[in-house]
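Below is one structure; the comments refer to it alone.
The values are calculated or read from the model by the stated rules, or taken from the named source; none is laboratory data. All of these numbers come straight from a predicted model, not from anything done at the bench. In this analysis, Cβ positions are derived from the backbone assuming ideal geometry, glycine residues included, and neighbour counts consider all displayed protein chains.
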Amino acid sequence: MPDLPWRFILILSANGLLVGSMYALVALGFVLIYKATDAINFAQGEFVMFAGFLAAGASNLAGFPWWISALLALLGMVVFAFGLERVVLRPLLGRPVIAVVMATLGLGFVLRGTATLAFGGGTQTIPLPVGDEPFLLGPLILPPIELVGAAVSLGFLAAFGWFFLKSRIGVAMRAVASNQQVAMAMGINVRRYFALAWALAGVVSALGGVLWGAMLGVDNQLALVGLKVFPVMILGGLDSILGAVVGGLIVGVVESLSAGFLDPLVGGGTKDFIPYLLMIAVLMVRPEGIFGRRRIERV
Amino acid sequence: MLALNNIEVVYDHAILVLRGVSLQAKEGQITALLGANGAGKTTTLKAISGLLRSERGEVTKGSVELDGDRLDRLLPHEVVGRGVVQVFEGRRVFETLTVEENLTAGAHSRSDRRAVRDGIERIFSTFPVLEERRHLSAGYLSGGEQQMLVIGRALMSDPKVVLLDEPSLGLAPQIIEEIFDVIRRLKQEQHRTVLLVEQNASLALGIADHGYVMENGRIVLDGPAATLRENSDIKEFYLGLNEAGTRKSYRDVKHYRRRKRWLG
């Protein structure tokens, strides 16, 4: 058996974990909407792209400093998600799931089109004050933008996790997710919590858009980040927030390892589809994902 | 006093479910609403709590009033805000939340954190078994414990009126006794108004002050619980007793008499 290149594996895994935590952040937006409103938001990737365009536009066209641009993107996405829930999704309440799915799919294309119309087809940059010099930690070589992205993502996920589990609003959100009609009967204004879930998905998209946009550059391709969310979600379990984090990390590492080992063998491109192979395998073996909820059965 | 004045309920703009139901639940009393499956008891409760709309039903005629204020145009959370809370049949706990979180969710309409904490402790002193399970997911509780939890959860909003739907359904006799004892205490110690829907008529009339009987979306009979207990039709069809007071098998009731209709 040949010696495994341990140092190479370690470097790839570390990068995978960093990128994976940024996937987890985007996946959180998706899980939130699914848990709270039973809707599947197929435009999550476009949300991220749109936020990226907002931030890039604010800094490149209007010349704002990076932090004002980021704040504007955040504010813009919250308002956007909030309005979207009110105008498009609320009238669809109680309709078949497919109606909401189609609406969000259509919305995704509308967002791509309008973003290109408004900001042009070129790739724009978000000038975060992060250097290019890689950060060396023992044998590891870590790009600073990935470190910042992972730190912000994990920080937000931890803060949100605390809020969701411990605060009264978090308890009410989980009550709505558990059973909407009973939540209503307990005096919870369910519509307000739907709006809150969408607004939070807006916040997540804004953070994701700024971070991913700074890393990859902002153009239509940024929306593809949203597609990576599907293997993340299926791995972790559609309705589990912890699952989104673990799923994100796994997808990040798998993607990074396949880029390092398989791509040179076949000439590249495997990192883009290996996570989906993994997703299909998980669907066959354990459809509810690693942390997904099985119905509680009492014995 | 909670009053329903001649209400009519229609589902999907087409199906008439309640036809001119009037009833009153007097303050500080237990009012029983009896009837067979499909008579419209649960629909009556949902008409009061505002939950009809989430099932594409609506009150098309008449009014629901609490102390003179109309409830029938309010959203469910606004009805809870007015002090009327419904406990569903079938022990619908928030399965993935812990016992304590279920109670916290029940107090959503109250903003005073201290009152919420005290409320939880009060529920725990009423149902000590819930305190032992406070950090357990509610989905893992036994049936009786879940029934206690949903009643406790409803009380967390400190309601004036509690609408209880089939609290005895599917529970062991000993547990039922315990639950009904709590219902009696809701009235005697906490002076709450209770509207109790039950299929088990003898149990319900045992603790109620007043009773109504529903069939096919109408009230067909009403009176003080003591009077209803002595009513021969009630005895025969709901209590399973014949004139002599001995138990009677439902099989012996002639087929054409099984679904007797009162013309109300």
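The lone criterion from (1) farther than 30 Å from A:Ile9 by Cβ; (2) in contact (Cβ under 8 Å) with a residue 12 or more places away in the chain; (3) not hydrophobic (A, V, I, L, M, F, W, C) left unmet by A:Thr114 is number (2). Considering A:Gly237, A:Gly217, the condition of being at pLDDT below 90, within 30 Å of A:Ile11 (Cα to Cα) and within 13 Å of chain B (Cβ to nearest Cβ) is satisfied by A:Gly237 alone. Only residues that are basic (Lys, Arg) and modelled with pLDDT of 90 or more: list them for the range B:57-88, please. Passing the criteria: B:Lys61, B:Arg70, B:Arg82.
If the condition is being of a type outside the set (A, V, I, L, M, F, W, C) and not in a helix (DSSP H, G or I), then the range A:1-52 contributes A:Pro2, A:Asp3, A:Pro5, A:Asp38, A:Asn41.
Just one of the listed residues (B:Gly119, B:Gly68) is without any contact (Cβ under 8 Å) to a residue 12 or more places away in the chain and more than 16 Å from the chain's Cα centre (by Cα), and it is B:Gly68. The condition (being within 11 Å of chain A (Cβ to nearest Cβ), under 25 Å from B:Ala204 (Cα atoms) and surrounded by 18 or more Cβ atoms within 10 Å (Cβ to Cβ)) is satisfied by just one residue among B:Lys46, B:Lys41: B:Lys46.
Just so you know, in the range A:178-193 the residues that are touching a helix residue (DSSP H, G or I) at 6+ places or on another chain (Cβ under 8 Å) and closer than 15 Å to B:Thr104 by Cβ include one that is farthest from the other protein chains (Cβ to nearest Cβ), and it is A:Tyr193. Within the range A:32-49, identify whether any single residue is among the aromatic types (Phe, Trp, Tyr), at pLDDT 90 or above, buried (at least 24 other Cβ atoms within 10 Å of the Cβ) and within 12 Å of the chain's Cα centre (by Cα), and answer yes or no. So far as the range A:32-49 goes, yes, one or more of its residues are among the aromatic types (Phe, Trp, Tyr), at pLDDT 90 or above, buried (at least 24 other Cβ atoms within 10 Å of the Cβ) and within 12 Å of the chain's Cα centre (by Cα). For the range B:53-81, filtering for residues that are surrounded by fewer than 22 Cβ atoms within 10 Å (Cβ to Cβ), more than 10 Å from chain A (Cβ to nearest Cβ) and touching a Lys or Arg at 6+ places or on another chain (Cβ under 8 Å) leaves 5. Counting just the residues of the range B:171-210 that are in a loop (DSSP other than H, G, I, E, B) and touching a residue at least 40 places away in the same chain (Cβ under 8 Å), which one comes out nearest to B:Met148 (Cα to Cα)? By that ranking, first place goes to B:Arg192. Of everything listed in (1) over 18 Å from A:Gly209 (Cα atoms); (2) in contact with a Leu (Cβ under 6 Å, 6 or more places away or on another chain); (3) among the hydrophobic types (A, V, I, L, M, F, W, C), the single unmet condition for A:Ala150 is (1).
For the structure I just gave you, tell me whether B:Thr104 is over 25 Å from A:Leu93 (Cβ atoms), over 14 Å from the mean Cα position of the chain (by Cα) and facing another protein chain (nearest Cβ under 9 Å). So B:Thr104 passes the test.
Return the residue satisfying two criteria in turn: it lies in the range B:111-157 and is assigned to a helix (DSSP H, G or I) and among the basic types (Lys, Arg), and of such residues it is nearest to B:Ile175 (Cα to Cα). The qualifying residue nearest to B:Ile175 (Cα to Cα) is B:Arg153. Hey, any hits in the range A:148-167 for a residue that's at the interface with another protein chain (Cβ under 7 Å from one of its Cβ atoms), surrounded by fewer than 24 Cβ atoms within 10 Å (Cβ to Cβ) and at pLDDT 90 or above? Looking through the range A:148-167, none of the residues is at the interface with another protein chain (Cβ under 7 Å from one of its Cβ atoms), surrounded by fewer than 24 Cβ atoms within 10 Å (Cβ to Cβ) and at pLDDT 90 or above.
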